[in-house]
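One structure below.
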Amino acid sequence: MTLIRTKIGRRSFIKSSALAGGGLMLGFSWLAACKTEAEAEAILQMPDEWFEINGFLKIGDNGVVTIMSPNPEIGQNVKTSMPMIVAEELDVDWNNVIVEQAPLNTEVFTRQLAGGSQSIRQGWQSLRMAGATARQMLIGAAAQAWGVPAEVITTNAGQLKHEGSGKTAGYGEMAAAAVNVEVPEEVKLKEVSEFKIIGTSRKNVDGPKIVTGQPLYGLDYHEEGMLIAMIEHPPAFGMKLKSFDGEAVKAMPGIKDVFSMEVYPDDYTKIWSDATVFDELVVVVGTSTWEVMNAKKALKAQWEPFGEYKDAYEGREQVVPAGLENTTEHYNKLETMGAKLAKVVRKDGDPEAAFKNAAKVLERTYTCPYLAHNTMEPMNFFAHVTDNDAKLVGPIQTPEFMEKSVSQRLGLPLEKIDIQMTRQGGGFGRRLYGHFLVEAAVISKKMNAPVKLVYTREDDMSYGVYRPTYVATYKAAFDENNNLTAFHVRAGGIPESPIYENRFPAGAIDNYLAESWEVGSNISTGAFRAPRSNFIAGAEQAFLDEVAEEMGKDPIDMRLEWLGKAANNPVGEKNDYDASRYAGVLKLVKEKSNWSGDQSGQHRGVSAYYCHNSYVAQVLDMSMQSGKPVIDKVTCAIDCGIVVNPDAAVNMAEGGIVDGIGHAMYSEMTFKEGEPQQSNFDRYRLIRHNEAPKAIDVHFVENEIDPTGLGEPPFPPIMGAVANALYRATGQRHYHQPFMGERALKG
Amino acid sequence: MATYNLNINGKSAQVDVDPATPLLWVLRDHLKLVGTKYGCGIAQCGACTVHIGDGAVRSCQIPVSSVGEQPITTIEGLSENGDHPVQQAWMEVDVYQCGYCQAGQIMQASALLKNNPNPSDEEIEATMSGNICRCGTYTRIRKAIRLAAEKSQNS
Ligand code: FES
Ligand code: FES
């Protein structure tokens, strides 16, 4: 037993965590940074009564407004930007707004999911409606009280006003009556030109808590009597549990139990967010993290290879092949299997003839390794399962889906599953796959106690749902005058292809051929920030750089020429991008990077890509310092429609750029006999402070188009910009990520 | 098990734990000071950075038995009201994305500025490169450190 006695006193701990849980602390610190103490004090007054106007917001009798942020916060800052949209239409002073993370509630909120850069895009209308509806109801209440028509009442920053009589009232005064006003069938939304909050930079609402270390994340979550659980998983993909001896470990200090657990029994039907993962694990449960870690190290378990099996998903089966796979074999397959397996997925014109008649053909092959997501906060989840219900708290990108999984696994009805979302220490796609919720729930049920399941960094990295390994071979045909006559891409991967056959340069080239192939594996893979784009963008944009060089053209001008054709005279009908917006970001980055100006000492690479409904172009400036490439600056142009929170959007773009450079240059996950060869940050290279660009300059195309994705789009293209700048800096083309890795350096 | 009297954030705290327990887990599990984060457990990421005396250390590497009477400062105790110049600069620059690494970054940066009030860019890079930010907020961290240095000098 561990005793805690502290002279700080339990009471003060309880007090500070209770404060941190409510809105009070947030309001205070946040205001303290920008207001005098007296002003802060005034606003600190929490209302005596709250009035819930709709599921998105409640208004206090003193005018303070609480807005719920529906979606999981993984660092993309939706916890600030989504409520900003509600506040805009509600027409309140942002300084009077408190933000709360909404629980999972599919009746009120749609799509409580963080993925595909869709939170703002898909939430846009419903968030605006929520704010506008509440505003209309407040107006209705005032109209009744003042005996005037609703049409003549105006609002401004949380104040209602009737010009004719000069009557005014704060939202707080009308909130009680507004609750009883009939919900309007139709409401008017603001014109873009009327926006006062959207389009202005607002600080992260969790900032004060982050800089003072308040409990925010899943790993920080604690309940009285909570146990700590850790898992031991097969050391290699292709293996399963054979046997284990838990007795010695059970006797270790602080250890409550050691047992094996079926995460997904044979009769369980998976949904996509369960993922094909290890179905049986050994679990160690105890009272403190360190004791459980030690017990886990001492645990002796035997593992054995499994035979091929089928994983049952809703409406389909996935074959999981047997075998202990190696990275060298993976690369062999990537090099050789395409010729055998590739299928045509798009064909325009007569590419075969064009290649046959070509005066010259340029052919290049690009590869990338598996990647681990490596969220800074390892996978974890709290669960308290009783006979009747289950409470789960922690970081998950797909609460809506995992609620179903937990329900099926426990045999409890959906409405008995309560999932609460904490702030999440990164997502990048890894927390789309919530097998760890199911694990936590099963462990809690078995222990009949509240349990927090914690993955060590090693578990997190070696039990991943990795970014697949990919290959793409590009071919361009030229006539004797160096005009491009045909374009061919053949892309594949293990276990999925990275191809997007209808994206640029499809639509710009008369003779175009795209082929795709894939081959199975038992290594768990899934979505990783900008799935598939995160490889194919860099490969394609590096190839276009060589094509431009071959044609003797400026790489930006060549792309603009092609986009001009795609805009005015497109080839085919299924092109899934807007050529003029695509050209728009290239023109903007050309201007902002002073592309045509003096470039002495700088080696520049350009790249542009469209994904998740947004357009991004980047210019990367590199110099060589003592034989090493140093990234001095990245200039980035983005068209994602209306930008809700500009400085936070810049932050997101900066992050995508740094992340992309890091993965292109340094990171890889390799396998030997099925075993991940990197399991912590000593062997898995992530980009570090000194390797980040010295400056990042982000610009947005200004327009009034509804907002589109931003979490992913700045990430894929930068890999091409890195490759192209490296070529100018070193004279060497780089085809294999990570560019600073062994395989890449061997060429 | 052994009893230790620790001096944390200017107050004393007593814990009864295995002597080998890293300070990180004593803080997080036993004292519920969860601002100090676990990232790697092997001194590679800096998420667990705290101050012992004036120096930044990786609390995942410090057995509780080796701390003795030395004063420990965690992110919760860096300032009384969350207004240390580094904390203020972090909020002004709005550094964080997911925020998970930032307690470690702030503790590393505040130790740097204490020992070197006006660091050069090279010195910032050299000191901060042991702290990983998976979200890639490095350029903002640099900016916030420069701002904090200015703030400290003007105050
Ligand atoms: S947790 Fe201590 S350095 Fe990573
Ligand atoms: S802000 Fe997410 S790891 Fe640094």
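Derivation of every value follows stated rules applied to the coordinates shown; laboratory data play no part. Everything quoted here is computed from the prediction, not taken from an experiment. Methodologically, a virtual Cβ is constructed for each residue, glycine included, from the backbone with ideal geometry; neighbour enumeration extends over all protein chains shown.
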- Please name which of B:A126, B:L27, A:T328 has its Cα lying farthest along the dipole of the protein assembly as shown towards the positive end, using unit charges on Cβ (Lys, Arg +1; Asp, Glu -1) and the Cα centre as origin. B:A126
- Query: Mind checking which lysines have their C-alpha under 28 Å from A:K416, skipping anything on the same chain fewer than 8 residues away?
  - Reply: A:K58, A:K79, A:K256, A:K270, A:K391, A:K404, A:K445, A:K446, A:K452
- Note on the structure: A chain fully extended from A:S201 to A:Q677 at 0.36 nm per residue, minus the present Cα-Cα distance, gains in nm 167.1 nm
- Per-residue mean of C-beta atoms belonging to partner chains within 10 Å, peptide A:71-84: 2
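Could you tell me the relative contact order of chain A? Use alpha-carbon pairs under 8 Å, at least six residues apart, and round to a whole percent.
Numbers: 1652 pairs, mean separation 98.8, N = 747.
Taking the mean separation of contacting Cα pairs over the length of chain A, I get 13 percent.
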- How much FRET efficiency would the formula 1/(1 + (r/R0)^6) give for A:E163 and A:E561, where r is the Cβ-Cβ distance and R0 is 45 Å, rounded to 0.05? 0.20
- List the extent of the Cα atoms of the protein assembly as shown along each of their three principal axes, largest first, rounded to whole Å. 83, 82, 60
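By the scheme Lys and Arg +1, Asp and Glu -1, what is the net charge of all other residues having a beta-carbon under 12 Å from that of B:T21? Could you put the intermediate results ahead of the total?
Details: positive: B:R28; negative: A:E291, B:D16, B:D18, B:D29.
Residues close to B:T21 contribute a combined charge of -3.
If you wrap the stretch B:85-154's Cα atoms in a convex hull and average its projection over all directions, what's the area in nm²? Please list the in-between numbers first.
Details: hull surface 15.7 nm².
Computing the convex hull of the Cα atoms and averaging its projections yields 3.9 nm².
Kirkwood hydrodynamic radius for the stretch B:43-132: how many Å is it when counted over pairs of different Cα atoms? Don't skip to the end; give the middle numbers.
Details: mean 1/r = 0.0738 Å⁻¹.
Mean inverse Cα-Cα distance, inverted, gives 13.6 Å.
Within 10 Å of each Cβ in peptide A:679-692, how many partner chain Cβ atoms are there on average? Round it to a whole number, please. Write out the running numbers ahead of the final one.
On the way: counts 0, 6, 10, 5, 1, 2, 0, 6, 5, 10, 18, 9, 3, 10.
Mean partner shielding for this stretch: 6.
Could you grab the Rg to Rh ratio for the stretch A:411-480? Cα atoms only, Kirkwood for Rh. Intermediate values should be presented prior to the final figure.
Numbers: Rg = 20.5 Å, Rh = 16.2 Å.
Over the Cα atoms of the stretch A:411-480, Rg/Rh equals 1.27.
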- Taking a crude spin-label model, label points 7 Å out from Cα along the C-beta direction, the A:A695 to A:N568 distance in nm is 3.6
- Using the per-residue mean of other Cβ atoms lying within 10 Å as a proxy for protection, in what order, highest first, do the peptides A:527-540, A:640-653, B:94-107, B:57-70 fall? B:94-107, A:527-540, A:640-653, B:57-70
- Note on the structure: In Å³ per residue, the alpha-carbon convex hull of the stretch A:300-432 encloses 245
- Note on the structure: Among the DSSP H helices of chain A, those whose Cα atoms extend at least 15 Å along the helix axis and whose mean Kyte-Doolittle hydropathy is -0.5 or higher are A:10-21, A:78-90, A:119-146, A:435-447, A:533-551, A:555-568, A:579-592, A:646-665, A:715-730
- Message: Taking 8 Å as the Cα distance limit and 6 or more residues as the minimum spacing, I'd like the relative contact order of the stretch B:85-154 as a percentage.
- Response: 52
- Query: Where the Cα atoms of chain B are projected onto their three principal axes, how long is each span, largest first, in whole Å?
  - Reply: 45, 32, 23
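Starting from the alpha-carbon convex hull of the stretch B:2-78, give the projected area averaged over all orientations, in nm².
Details: hull surface 17.1 nm².
Approximately 4.3 nm², given one-decimal rounding.
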- Item | Highest to lowest packing among A:558-568, B:120-130, scored as the average C-beta count within 10 Å | A:558-568, B:120-130
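Hey, what number do you get for the protein assembly as shown at 222 nm if only DSSP H runs of n ≥ 4 count, each worth -39500 (n - 2.57), divided across all residues, to the nearest 500?
Details: 24 runs with 287 residues, N = 902.
Mean residue ellipticity at 222 nm (helix-derived): -10000 deg cm²/dmol.
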- Message: Highest mean first, how do A:481-488, A:247-254, A:437-444 rank when packing is the count of other Cβ atoms within 10 Å averaged over residues?
- Response: A:437-444, A:481-488, A:247-254
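What value does the stretch A:136-263 have for Rg/Rh, both radii from Cα atoms and Rh as Kirkwood defines it? Mind showing how you got there, number by number?
Numbers: Rg = 29.1 Å, Rh = 21.6 Å.
With Rg and the Kirkwood Rh in hand, the quotient comes to 1.35.
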- Per residue of A:370-383, other chain Cβ atoms within 10 Å number on average 3
